[in-house]
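Participant: Before I ask anything, let me first share the structure, which is written out below as structure tokens.
The values are calculated or read from the model by the stated rules, or taken from the named source; none is laboratory data. Values in this document were obtained by computation on a predicted structure and should not be read as measured data. Cβ atoms come from the backbone with ideal geometry, glycine included; neighbour counts cover every protein chain shown.
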Amino acid sequence: MPDILPTQTAVWQRIEREVGALLHAHAYREIRLPLLEPTELFCRSIGEVTDIVEKEMYTFADRNGDSLTLRPEGTAGCVRAVLQNGLLQSLPLRLWYAGPMFRHERPQMGRQRQFHQIGVEAFGVAGPDIEAEHLLLLARLWRRLGVAPLVRLEINSLGSAAARAAYREALVAYLGAHLDALDEDSRRRLGTNPLRILDSKDPGTREVLAGAPSLDTWLDEESRAHMDGLRALLDAAGVVYRVNPALVRGLDYYGKTVYEWVTDSLGAQGTVCAGGRYDALVTQLGGPPTTGAGFAMGVERLVLLLGAAGVGADDAAEPHVFWVVGDAAAQRFAFVVAEALRDRLPWLRMQMHCGEGSMRSQMKKADRSGATLALIVGADELAADEISVRGLRAGGLPQSRVPSAGLADVLARQLGTPASDAAD
């Protein structure tokens with residue numbers, strides 16, 4: 001459960017800003033969900049024989065003896081909130097959320113026990129157009145973040161519950177005949193969640209799976225037509241994808257469409273974003289028949305992916321200007337002028353000198369801060385109602401005195417209005 005340090009948060013903020021703006025433009029509304037939920041919620045939604053429920057959840061009894069769990073994913077809690085607060089009365093419903101999730105896994109690059117997801121859920125749309133909307137939105141996000149060349153889309157259909165049950169029988173029969181060649185995890189899953197074996201990375205198991213029956217053969221006509229409709233929309237929009245018959249999800253509630261955006265740039269943790277359709281989940285949790293579809297992306301993996309693409313934060317953390325003051329009277333004057341600047345130039349990042357220190361030591365601090373300009377108020381400047389402006393970087397301004405009333409205009413000309421801040 002690592003700390004996210006100030007040197008890292010600028011990239012996080014860029015991702016959050018881009019995602020928030022894009023979802024707002026697509027008419028999705030934010031919902032904020034609690035970290036703790038009743039354990040039963042995840043057992044009913046995710047499935048009691050999944051790895052998440054069996055091995056990875058942080059579960060404990062509270063003082064009343066109730067079993068609570070730190071949320072391992074967001075969809076179940078979102079559906080619970082939608083039902084509990086009567087939000088299904090106005091469909092279709094488009095929601096998004098962000099925040100930490102918790103799974104007790106072996107920590108490695110791109111996989112921590114506390115990790116962060118941004119999730120999107122849509123209710124009340126039965127056709128493939130909602131999945132197409134999600135995938136087009138994500139394709140646009142990758143372009144805006146500068147990581148589009150590093151990710152690729154894989155899609156599949158899990159079909160209806162009846163189709164999956166028939167396929168499961170065929171798969172179990174086939175794998176049971178090759179039991180000795182399967183890895184330990186796959187042998188365990190054979191009696192509980194055999195479709196998850198299709199996702200195995202074990203070389204021996206992969207060799208066995210090469211001859212396994214394909215889920216596509218068992219698809220029902222409705223699911224096949226749904227997938228054809230999605231592919232037609234993606235083709236028309238120019239979204240490149242690959243149909244991966246072995247693609248499954250580790251959560252029991254998915255049916256019909258599933259998809260993943262994957263990358264080869266992050267080692268073993270290659271899934272950046274995943275989602276699909278879950279038409280039975282609302283009913284499963286006690287609500288009326290309601291279709292649903294959504295996705296979640298891992299923020300930690302996106303941060304790593306931006307690094308692999310050579311993309312940093314779109315705005316620097318360093319201040320534009322650093323105030324250097326001579327005495328208490330100069331400091332009071334500087335604070336007054338600084339407040340007027342914040343009114344005129346809300347994008348301007350200023351660092352005030354606070355604490356003791358000579359003007360010489362303050363200039364050293366100004367240089368170390370990374371600021372572009374130093375704003376200096378000594379006795380002479382204070383008497384003349386002026387500020388000395390000095391460039392701190394190579395090729396910067398030579399020192400000059402500026403009337404306090406004209407300082408905002410000078411700074412606006414010298415620094416310009418950053419594009420990312422102008423929109424604010």
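Participant: Which residues, taken from the stretch 213-230, are of a type outside the set (S, T, N, Q) and crowded, with 17+ Cβ neighbours inside 10 Å?
Facilitator: Leu215, Trp218, Leu219, Asp220, His226, Met227, Leu230
Participant: Which residues, counting only those in the stretch 311-329, are crowded, with 19+ Cβ neighbours inside 10 Å and touching a strand residue (DSSP E or B) at 6+ places or on another chain (Cβ under 6 Å)? Quick ask: steps written out before the conclusion?
Facilitator: Of the stretch 311-329, the ones crowded, with 19+ Cβ neighbours inside 10 Å are 320-326.
Once the filter is applied, which keeps residues that are crowded, with 19+ Cβ neighbours inside 10 Å and touching a strand residue (DSSP E or B) at 6+ places or on another chain (Cβ under 6 Å), the stretch 311-329 yields Val321, Phe322, Trp323, Val324, Val325.
Participant: While we're on this one: Counting only residues that are under 23 Å from Leu83 (Cα atoms) and surrounded by fewer than 16 Cβ atoms within 10 Å (Cβ to Cβ), which one in the stretch 38-58 is modelled with the lowest pLDDT?
Facilitator: Out of the qualifying residues, it is Glu48.
Participant: Only residues in the stretch 84-112 that are on the phi > 0 side of the Ramachandran plot count as the first member; pair them with residues that are surrounded by 15 or more Cβ atoms within 10 Å (Cβ to Cβ), Cβ under 7 angstrom, at least 6 apart or cross-chain, and list the lot.
Facilitator: Gly99/His116; Gly110/Leu266; Gly110/Gln269; Gly110/Glu300; Gly110/Arg301; Gly110/Leu304
Participant: To continue, here is another question. Being under 32 Å from the mean Cα position of the chain (by Cα) and crowded, with 18+ Cβ neighbours inside 10 Å is the filter here; which residues of the stretch 352-371 pass it?
Facilitator: Ala371
Participant: Output the residue which, of all residues in the stretch 114-131 that are among the hydrophobic types (A, V, I, L, M, F, W, C) and farther than 11 Å from Trp96 by Cβ, is surrounded by the most Cβ atoms within 10 Å (Cβ to Cβ).
Facilitator: Across the stretch 114-131, the extreme among qualifying residues is Phe123.
Participant: Going by the structure shown, is Glu300 of a type outside the set (A, V, I, L, M, F, W, C) and over 30 Å from Leu135 (Cα atoms)?
Facilitator: In short, no.
Participant: Applying the selection to the stretch 123-168, what residues are free of Cβ contacts under 8 Å to residues at least 24 places away in the same chain and aliphatic (A, V, I, L, M)?
Facilitator: Ala148, Ala165
Participant: Which one of these does Arg301 not meet: (1) over 30 Å from Leu138 (Cα atoms); (2) among the basic types (Lys, Arg); (3) surrounded by 17 or more Cβ atoms within 10 Å (Cβ to Cβ); (4) in contact (Cβ under 8 Å) with a residue 60 or more places away in the chain?
Facilitator: Result: Arg301 fails condition (1) only.
Participant: Looking only at the stretch 385-419, which residues are among the aliphatic types (A, V, I, L, M), at pLDDT 90 or above and surrounded by 14 or more Cβ atoms within 10 Å (Cβ to Cβ)? Before you say what the answer is, go through the steps one by one.
Facilitator: To start, the set of residues in the stretch 385-419 that are among the aliphatic types (A, V, I, L, M) comprises 387, 389, 392, 394, 397, 402, 405, 407-408, 410-412, 415, 419.
Next, only the ones that are at pLDDT 90 or above stay: 387, 389, 392, 402, 405, 407-408, 410-412.
Within the stretch 385-419, Ile387, Val389, Leu392, Val402, Leu407, Ala408, Val410, Leu411, Ala412 meet the criteria.
Participant: Right, next: Among the candidates Ala246, Ala280, Ala268, Ala210, single out the residue that is of a type in the set (Gly, Ala, Ser) and modelled with pLDDT of 85 or more.
Facilitator: One residue alone meets the criteria, Ala280.
Participant: So Leu281 fits all but one of (1) crowded, with 24+ Cβ neighbours inside 10 Å; (2) in contact with an Asp or Glu (Cβ under 6 Å, 6 or more places away or on another chain); what number is the exception?
Facilitator: That leaves (2) as the condition not met.
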